[in-house]
Amino acid sequence: MDDTKTTGPRDVFSHLLAIIFLYVSVFSFGSIVFSIINLYFPDLLQNYGNSAAYVREGLRWPLAVLVIVFPLYVWLSYYLERDVTKNPEKRELKTRRWLLYFTLFATTIAIVIDLVYLIFAFLNGSLTLHFVLKVLTVLAIAVAIFIYYLSILRKKMSVSTSSSVKIFAWSAVGIVALVIIFGFYVAGSPKAERARRFDAQRIGDLSSIQNQIVNFWQTKQRMPISLDELRDDISGFMAPKDPETALSYEYKATGEKSFELCATFVTASNDNTSDRYDISTPYPVFNDGKGVWNHEAGRVCFTRTIDPDLYPPLKRPLQ
């Protein structure tokens, strides 16, 4: 049969677009599930990747993509199935069959690699619940796609003509919808996230000021009288201010080698000791597990004492 007599460019590009939407949806769905696993079933050897801040940061892009692309995939697939049902000759469209067979090929490769990686992890001593859940996620996605498209190719079924395929398809849509809803729950409200980002910026500012105070003491062997003394026109450093209120942070020298920094926070920090980094700051702030920058909501002060053995005074050249 000559495809050009029954089909046109619209059919070719529609099927190509549907497969692209499928692949993008699959990768986004997998990323969201992986992020949820990282949060609720953390790997103790991957503290950085398991932090709540890191999970939320890695969750937003795939969630935004899935919310837009997956409904487009469902709608386009429904449109193509209706078109094929009305015009059965389009089932043999070469572009359609090539794309479906390529999808079967890709899912088969994914299943094989997934199982090989499972055996490798077992031999490597990395077979944790965290890892197994991720392997099962990839396996479930690949097997579901393989079975769905294989039934359509072999039995020439469609969602509209087969009740089993229809149930399978709508079950998949329901699972994706549940994951999207739960993803929004994990990501939190935009207002709460903005508040967390403001607080993360405050921590980054305090860390920067703290470093400058230590450098000041090493150089001059005294504490600065105020934050204005930290200004350096050569390096361009000026003590940052609160990103939301534009007010200066509170500073007070409490001794010859000790000081206090205060800020007002909107939210409470994550007290989980595995949350060692916060990537929402320009540079990750290290948390030693003892609450170096942990804080409650409201005004919080951090007391610091400079250890001369760790931060020795800089030697000045002889006059």
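Got a sec? Which of Ser207, Ser163 is crowded, with 16+ Cβ neighbours inside 10 Å and of a type in the set (Ser, Thr, Tyr)? Walk me through it before giving the result.
On the way: Ser163 fails: crowded, with 16+ Cβ neighbours inside 10 Å.
Just a single option satisfies the conditions, and that option is Ser207.
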Fill in: Condition check for Ile119: among the aliphatic types (A, V, I, L, M) and either open to solvent by 80 Å² or more (accessible area, probe 1.4 Å) or not in a helix (DSSP H, G or I) (or both)
yes
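Of these, Glu244, Glu260, which one is under 38 Å from the mean Cα position of the chain (by Cα), over 19 Å from Phe198 (Cα atoms) and surrounded by 12 or more Cβ atoms within 10 Å (Cβ to Cβ)?
Numbers: Glu244 fails: over 19 Å from Phe198 (Cα atoms).
That would be Glu260, the only listed residue that is under 38 Å from the mean Cα position of the chain (by Cα), over 19 Å from Phe198 (Cα atoms) and surrounded by 12 or more Cβ atoms within 10 Å (Cβ to Cβ).
State the number of residues belonging to region 82-98 that are in contact (Cβ under 8 Å) with a residue 24 or more places away in the chain and open to solvent by 30 Å² or more (accessible area, probe 1.4 Å).
First, pick out the residues of region 82-98 that are in contact (Cβ under 8 Å) with a residue 24 or more places away in the chain: 82-85, 87, 89-97.
Keeping just the survivors that are open to solvent by 30 Å² or more (accessible area, probe 1.4 Å) gives 82, 85, 87, 89, 91-92, 94-95, 97.
The qualifying residues number 9.
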Response to the item:
Apart from one, (1) more than 24 Å from the chain's Cα centre (by Cα); (2) closer than 20 Å to Ser35 by Cα all hold for Leu118; the odd one out is (1)
Worksheet item: Just a yes or no: is a residue in region 42-57 at pLDDT below 80, out of contact with any helix residue (DSSP H, G or I) (no Cβ under 8 Å at 6 or more places or on another chain) and crowded, with 20+ Cβ neighbours inside 10 Å?
Response: yes
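Which residues, taken from region 222-241, are of a type in the set (D, E, K, R), in a loop (DSSP other than H, G, I, E, B) and farther than 15 Å from Phe259 by Cα? Give the derivation first.
Step one: filter region 222-241 for residues of a type in the set (D, E, K, R), giving 222, 228-229, 231-233, 241.
Subset that is in a loop (DSSP other than H, G, I, E, B): 222, 231, 233.
Matches in region 222-241: Arg231, Asp233.
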Worksheet item: If you check every pair at least six apart or on different chains, which have Cβ atoms under 7 Å apart with a residue in region 10-23 that is touching a residue at least 40 places away in the same chain (Cβ under 8 Å) first and a residue that is of a type in the set (Phe, Trp, Tyr) second?
Response: Ala18/Tyr73; Phe21/Tyr73; Leu22/Tyr73
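For region 180-195, what are the residues that are part of a helix (DSSP H, G or I) and either in contact (Cβ under 8 Å) with a residue 12 or more places away in the chain or open to solvent by less than 30 Å² (accessible area, probe 1.4 Å) (or both)? Outline the logic, then answer.
Of all residues in region 180-195, those part of a helix (DSSP H, G or I) come to 180-187, 190-195.
Passing the criteria: Ile180, Phe182, Gly183, Phe184, Val186, Ala187, Ala192, Glu193, Ala195.
The values are calculated or read from the model by the stated rules, or taken from the named source; none is laboratory data. This is a predicted model, so every value here is computed, not measured. Neighbour counts run over all protein chains shown; Cβ positions are idealised from the backbone, glycine included. Quick note on the areas: whole protein, heavy atoms, side chains included, nothing else; ligands and nucleic acids left out. Shrake-Rupley method; radii C 1.70, N 1.55, O 1.52, S 1.80 Å.
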